[in-house]
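> Supplied in structure tokens, the structure appears directly below.
The values are calculated or read from the model by the stated rules, or taken from the named source; none is laboratory data. Just so it is clear, the model here is predicted, and its values are computed rather than measured. FYI the Cβ positions are ideal-geometry reconstructions off the backbone, even for glycines, and counts take in every protein chain you see. Keep in mind that these areas ignore ligands, DNA and RNA; they rest on the heavy atoms of the full protein, side chains included. Shrake-Rupley method; radii C 1.70, N 1.55, O 1.52, S 1.80 Å.
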Amino acid sequence: MRKASLLLIATTFGASLGVTSVVQAAESGPFDIGGQVSIGNDGVVKGVSETNGNAQAVGTLTVSKGMFFAGTKVKNVKGSDGSDAQTQLFAGIKGDIAGFKTGLQFLYKANQNARPGVDDDFYEWQGDISRTVDKTTVKYTTVYSADSSGSTKEAWWHDLGVSQKLNTKWTVSGSVGLRRVTPKKDYTAYNLGATYALNKTTSLDMRYYDTDKHEYGKRFGDRVVLTLSRKF
């Protein structure tokens, strides 16, 4: 692991301790404030690596009031456009409809330090719906971008996942995702893994990822990712 990755990980978790104190102090206010920090030996989004096999640290901060929420996310990446970090802003609504948990959000994503002249920011719409029966949860997610970053134009992501809570500590889960892109660079992605709850706020996830398009490059190859996450 590179020194820069180690520094980013240390900084992220150090900052999380300070943010936790702020969140606890704000609990009596009109808004709910929370978030999550995580580190992993790789960073996978939509089934493929966005760090090209390098370690990733991610920090998310969310403010919510009733059914409305908004927030920001920052993380290191290794983009084909030369970018080394990504900042996100998001806002949306969530609720329960006939026993289903639903959500719709708008996301703005900007890649930092991309090569001059590269299209380095884009928008996405994301919808989620899930249903839990006993200890089993089925979730469907769809993401649409009318003009994604770089040479990618219209893009869709469809993901169907199932998770099974085994006990108070262990949960196993997996999903299948379909990526449809213009210009055409479609693929199907899979993942399967298990999550262990170290305590109420910290968990460790081990997950195997693969796609059906290894010929697209290293990012689309199979990998095992270990991720430590802490909620606040």
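> Give the carbon-plus-sulfur fraction of the accessible surface of region 107-169 in %, rounded to a whole number; probe 1.4 Å, heavy atoms of protein chains only.
Numbers: 2080 of 3740 Å².
For region 107-169, the apolar C and S fraction of the accessible surface comes to 56 percent.
> Under a straight-distance cross-link criterion of Cα-Cα below 17 Å, which lysines are reachable from Lys218, leaving out those fewer than 8 residues away in the same chain?
Within reach: Lys46, Lys78, Lys185.
> Dividing the alpha-carbon radius of gyration of region 35-114 by 2.2 N^0.38 Å (N being the number of residues), what value is obtained?
1.26
> Along region 60-69, what does the Karplus equation 6.51 cos²θ - 1.76 cosθ + 1.60 (θ = phi - 60°) give for ³J(HN,Hα), rounded to whole Hz, x for Gly and Pro?
With coefficients 6.51, -1.76 and 1.60, one gets 10, 10, 10, 10, 9, 8, x, 8, 9, 8 Hz.
> With only Lys, Arg, Asp and Glu charged, each at its Cβ (+1 for the first two, -1 for the last two), find how big the charge dipole of the chain is about the Cα centre; round to the nearest 20 debye.
Its charge dipole is roughly 460 debye.
> Using alpha-carbon positions, what is the distance between the centroids of region 82-101 and region 127-185, in Å?
If we compute the Cα centre of each part, the gap is 12 Å.
> For region 115-125, just list the computed ³J(HN,Hα) in residue order, Karplus coefficients 6.51, -1.76 and 1.60, θ = phi - 60°, integers in Hz, with x standing in for Gly and Pro.
Karplus-based 3J(HN,Hα) across region 115-125 equals 4, x, x, 7, 6, 10, 9, 6, 10, 9, 10 Hz.
> Which value, in Å², gives the accessible area per residue of the chain when a 1.4 Å probe is used on the protein heavy atoms?
Value for the chain: 56 Å² per residue.
> Which Cα, out of Thr136, Val45, Ser148, lies furthest along the positive dipole direction of the chain (beta carbon charges, K/R +1, D/E -1)?
Thr136
> Let me make sure I get this right: for region 62-181, a, b and c are the square roots of the gyration tensor eigenvalues over alpha carbons, sorted descending. Under 1.5 in a/c it's rounded, otherwise prolate if a/b > b/c, else oblate. Which is it?
In terms of gyration-tensor shape, prolate.
> Let me make sure I get this right: for the chain, a, b and c are the square roots of the gyration tensor eigenvalues over alpha carbons, sorted descending. Under 1.5 in a/c it's rounded, otherwise prolate if a/b > b/c, else oblate. Which is it?
rounded
> With an 8 Å Cα cut-off and a minimum separation of 6 or more residues, compute the relative contact order for region 78-188 in percent.
Averaging sequence separation for qualifying contacts and normalising by length gives 17 percent for region 78-188.
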